[in-house]
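Written below as structure tokens is the structure these notes are about.
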Amino acid sequence: MTTPATTQVGGPLDQGPPAEPRIGSRNRTGDKIFSGTATAAGITILVTLAGIAAFLLYEGFPALVAAPEDVPGGEGFWPYVQPLLFGTVLAAVIALIIAAPLSIGIALFISHYAPRKIAAPLGYLVDLLAAVPSVVYGLWGIFFLAPQLVPVFQWLENTLGFLPFFEGPTSATGRTMLTAGIVLAVMILPIMSGVNREVFLQTPRLQEEAALALGATRSEMIRMTVLPFARSGMVSGAMLGLGRALGETLAVALVLSPAAVISFNLIGSTNSSTIAANIALNFPESSGLAVNTLIATGLVLFTLTFVVNFIARAVVARRKDFSGANA
């Protein structure tokens, strides 16, 4: 007697046991909430940035189109903002030049050289520098750092005075652009060293052990495995520090003796101010078109910061394909 087709194993009507649904294919309520929250947070950031840009453009537009004699300084908006923009970039670049190698060295020491018992506490101490208020850094720069640097500035003038950066005459108070750059370097050091430390610790352990097994010293291992892997992360940390330095206000306002000039002399008493410091110093006494002028300078700073971050993202996206991050 023939077995019915519906009961034949492997027959055309045999579909086997029903497949179990994959967990990842089910839409859970928690996943929907999390996805919606993340999307809302991203949209909120974009809307906030767009609102800030719109406010700065709306309030600063009268200064952009005003007659030159009506703008503070009497020469127009762009001649007014040029020394401020120059001072902002100069102070931030000085801070970045000083802080970048220090942050890499601190991060490497904590992640690969320091014993475990002191590595974590040392990392916490470095991170605590970010909790110090800007005004404290400014007061430290005025009353302690600036007087201590005067002999150093005099030596730089006597030794390297042929360079435009140290041509002098040396400031008697030490309140110079170089002092402001050093203060900014200390302020951005925690964020840069923190990013570098975390990136260094993410280096694949197998790559480090393979380099050591092949006879590389610790420094050679770091040069061959850790630094190439962390290159894009170091660029990101540097750009974060640069953005922090570009927008610093109180510390620079307290340390510098600003003037409306463009000068490369880093140790003289005549220094360019920064956009943020100029806004903080002049806003309380300003009114009318002067307020619009200060807001317009804020728009310039906003654009500068946006451009710096855009370039940083492009550099990171380009370099990550050639780093060890994808190994």
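The values are calculated or read from the model by the stated rules, or taken from the named source; none is laboratory data. Keep in mind the model is a prediction, meaning the values are calculated, not measured. Reconstructed Cβ throughout: ideal geometry from the backbone, glycine too, with neighbour counts over all protein chains shown. When the accessible area is computed, the model is the full protein with side chains, heavy atoms only, and any ligands, DNA or RNA have been set aside. Shrake-Rupley method; radii C 1.70, N 1.55, O 1.52, S 1.80 Å.
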Open item on the list: Being within 29 Å of G233 (Cα to Cα) and open to solvent by 50 Å² or more (accessible area, probe 1.4 Å): is that true of A131 here?
Closed with: yes
- [ ] Might you check whether a residue that is more than 22 Å from the chain's Cα centre (by Cα), farther than 26 Å from F302 by Cα, without any contact (Cβ under 8 Å) to a residue 40 or more places away in the chain and outside any helix (DSSP H, G or I) occurs anywhere in the range 112-119?
- [x] yes
TODO: For residues that are crowded, with 19+ Cβ neighbours inside 10 Å and out of contact with any Lys or Arg (no Cβ under 8 Å at 6 or more places or on another chain), tally how many sit in the range 185-217.
DONE: 15
Task: Total residues in the range 138-157, condition out of contact with any helix residue (DSSP H, G or I) (no Cβ under 9 Å at 6 or more places or on another chain), open to solvent by 80 Å² or more (accessible area, probe 1.4 Å) and hydrophobic (A, V, I, L, M, F, W, C) - done: 3
- [ ] Tell me, yes or no, whether the range 158-175 has at least one residue that is assigned to a helix (DSSP H, G or I), in contact with a helix residue (DSSP H, G or I) (Cβ under 7 Å, 6 or more places away or on another chain) and either without any contact (Cβ under 8 Å) to a residue 40 or more places away in the chain or closer than 20 Å to V315 by Cα (or both).
- [x] yes
Task: Odd one out for E208 among (1) on the phi > 0 side of the Ramachandran plot; (2) touching a helix residue (DSSP H, G or I) at 6+ places or on another chain (Cβ under 6 Å) - done: (1)
- [ ] Identify the single condition in (1) open to solvent by 70 Å² or more (accessible area, probe 1.4 Å); (2) at pLDDT 90 or above; (3) within 21 Å of the chain's Cα centre (by Cα) that V93 does not satisfy, given that it satisfies every other one.
- [x] (1)
Open item on the list: Going by what's in this entry, would A172 be described as more than 29 Å from A130 (Cα to Cα), hydrophobic (A, V, I, L, M, F, W, C), open to solvent by 30 Å² or more (accessible area, probe 1.4 Å) and at pLDDT 85 or above?
Closed with: yes
- [ ] Report, by residue number, each residue of the range 49-88 that is over 24 Å from L256 (Cβ atoms), open to solvent by 50 Å² or more (accessible area, probe 1.4 Å) and among the aliphatic types (A, V, I, L, M).
- [x] L49, A50, I52, A54, L57, L64, V65
Task: Of all residues making up the range 102-128, the number that are open to solvent by 60 Å² or more (accessible area, probe 1.4 Å) and either touching an Asp or Glu at 6+ places or on another chain (Cβ under 6 Å) or among the hydrophobic types (A, V, I, L, M, F, W, C) (or both) - done: 5
